[in-house]
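Visitor: Encoded as structure tokens, here's the structure I'll be asking about.
The values are calculated or read from the model by the stated rules, or taken from the named source; none is laboratory data. The structure displayed is predicted, hence computed values, not measured ones. The area values use the complete protein model at the heavy-atom level, side chains included, leaving out ligands, DNA and RNA. Shrake-Rupley method; radii C 1.70, N 1.55, O 1.52, S 1.80 Å.
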Amino acid sequence: MFIINGLQDKMTPAANCLKFYNALLEKGISSELHIYAINEHGFDFGLGRGYSVSMWRENFIAWLRDMKIDNNFK
């Protein structure tokens, strides 16, 4: 499970994402959590939302590769 969240997100608070992440870990489900300091709800392509947020897609693709889910991403 790849989870991204913005620290300023009022719809899905970061604390809830941490609880979800911890529950996944307790069940042995491989997970990665990114909480970006500068972002609210929604990421689209991350353009204009800060440097680190704009990298979420690359982080997701790297995670897919790490999990050997799909090696066809370029």
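Visitor: Quick check: with the 1.4 Å probe, what order do ARG65, ARG57 take by accessible area, largest first? Kindly include the intermediate steps, with their values, before the conclusion.
Guide: On the way: ARG65 100, ARG57 80 Å².
Of ARG65, ARG57, the descending order of accessible area is ARG65, ARG57.
Visitor: Given 0.36 nm per residue, what is the gain on full extension from ARG57 to LYS19 after removing their alpha carbon distance, in nm? Intermediate results must be reported in sequence, preceding the final value.
Guide: Details: separation 38, 0.36 × 38 = 13.68 nm, distance 2.32 nm.
Difference between extended and current length: 11.4 nm.
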